[in-house]
1. How much length would be gained if the chain were fully extended between A224 and N387, taking 0.36 nm per residue of separation minus their Cα-Cα distance, in nm to one decimal?
2. Find which of S111, L247, A97 sits farthest along the positive direction of the dipole of the chain, computed with +1 on the beta-carbon of Lys and Arg, -1 on that of Asp and Glu, about the Cα centre.
3. Hey, can you rank 74-81, 224-231, 103-110 by average C-beta count inside 10 Å, highest first?
4. Evaluate the Kirkwood expression for the hydrodynamic radius of the range 59-153, namely the inverse of the mean inverse distance over all pairs of different C-alpha atoms, and round to one decimal in Å.
5. Can you report the principal axis dimensions of the range 185-297 using only the alpha carbons, biggest first, rounded to whole angstrom?
6. Could you tell me the center-to-center distance, by alpha carbons, between the range 295-324 and the range 92-155 in angstrom?
7. Could you tell me the calculated FRET efficiency between T246 and Q177, based on Cβ-Cβ distance and R0 = 56 angstrom, to the nearest 0.05?
8. What is the calculated FRET efficiency for N46 to R205, with r their C-beta to C-beta distance and R₀ = 22 Å, to the nearest 0.05?
Amino acid sequence: MKIRLCLMLFMAWACCDGARAVRLSFAKADSLLAQRNPVLRSARLNVTVAEGLLTQSRSYDNPTVNVMYNVQNPTNRRWFDPGSTGEVDVQVSQPFAIGGQHAEQVRQNTSLLNASYSQLLVTQRDLRTEVHTAMIALYYQQRQARVYDEEIASAEKILTACREQSEKGNVAAMETQRIATMVYQLRKSQTDLLLEAAALETQLRQLLALPGIESITVDLDEQAAVAQASRLYLTLHSDKSPVLDTLPEIQLTDHRVEAAQHALRWQHTQSLPQMAVQGEYDKNGSIGHNYFAVGLSVAVPLWNRNRGNIRSAQAVLEQAAIDKEQQRLALTLQRQTDLDIVGKYLKQLAEPASSLDKDLSQMLLAAEQQFMSRHISLVEFVDLYINYRDTMLAHLDAQSKMLQAAERLKVVWIR
């Protein structure tokens, strides 16, 4: 009774809120996704971070300037005297790179920036696929809920008539109870379906940052979507050797491999001497007045040859190469899996007549009339209802799964 009351309240709210429902098409969802999705906005900021790191890596090291004064002038006994007899020592040191110590770091950050661009494309495609597949699933769950509405309305009409006849003694109480049980089970199944649809609406609100609690209605041209999926299947099914190199997923792994290669080379350069040009001016040094000198500072890699970091960078490079192979294999398997799904469901959907909805609705009406006139038994009547529901739900579920698989193919493989 509580489930029925909750369902009636939910359906009443949905009917009253229909005028305020958010109508969502693929184009509108893509626009909202690009503007509002927090994951996508964060991915754009990752590009900005990579740009900043590249800009910083292009900068050279700053010079170091040291200035020293005598604490007490031994000539006139003055403290910190920079005068004519005081001593001032100025030293300047400017590090410089050799053997690619600077260039390899710039190249590494350039590859990382390109990787961030590819990652942004991958994120956009993944999120768009997630939104589109959730919209398709929601659309067909709402369609399935309407199947339950039609069957429940018909079964309740039968239940009302049976109760009237049962009170008159014309219908056995067991039959009335069986119809009441069937109505209860239908309502429970519909409630479970509506809860799944509500979860999909919540998912879409999170992905698209939709405020409010208005229900979502998906605009979907089923015939056009199925026709497009069929054309996509025929096109990709005939392509026995697909080109993967242009996909952003593969480009992402390529850039990561490049970055790891430059990181390894940069670690090798760190085993070279660290060098700096030096200059010095001493006004009243021990050598004489206005002493000028130039020199070269070399940090000799005697004890530390950076071998640990080189070994670590080599392992990172090997990992990047393995990830590239794994990504290529995963994309190939995903393509084949989605193609198989689309092909099998297209075949399944082609088997029933095109007027399936109309034929089954007429069958439901005929079953209702036959049972009321006592031309069929209760068992036959229940079997007809079950066949109606199972056939319609299977048809809608097949179409939903096929279009979701086609959506994954379309987003990933149409270039």
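1. Full extension of this stretch gives 55.9 nm more.
2. A97
3. Details: 74-81: 12.0, 224-231: 15.2, 103-110: 20.0.
Result, highest mean Cβ count within 10 Å first: 103-110, 224-231, 74-81.
4. Details: mean 1/r = 0.0470 Å⁻¹.
Final number for the Kirkwood radius of the range 59-153 is 21.3 Å.
5. 105, 46, 25 Å, listed from the longest principal axis down.
6. Distance between centres, Cα-based: 32 Å.
7. Details: r = 64 Å, r/R0 = 1.15.
In this case the efficiency is close to 0.30.
8. Details: r = 24 Å, r/R0 = 1.11.
Approximately 0.35, to the nearest 0.05.
The values are calculated or read from the model by the stated rules, or taken from the named source; none is laboratory data. Computed from a prediction, not measured in an experiment: that's the story for all the values here. For neighbour counting, all protein chains shown are included, and Cβ atoms are generated from backbone atoms with ideal geometry for every residue, glycine included. Note: areas computed on protein heavy atoms with side chains; ligands, DNA, RNA excluded. Shrake-Rupley method; radii C 1.70, N 1.55, O 1.52, S 1.80 Å.
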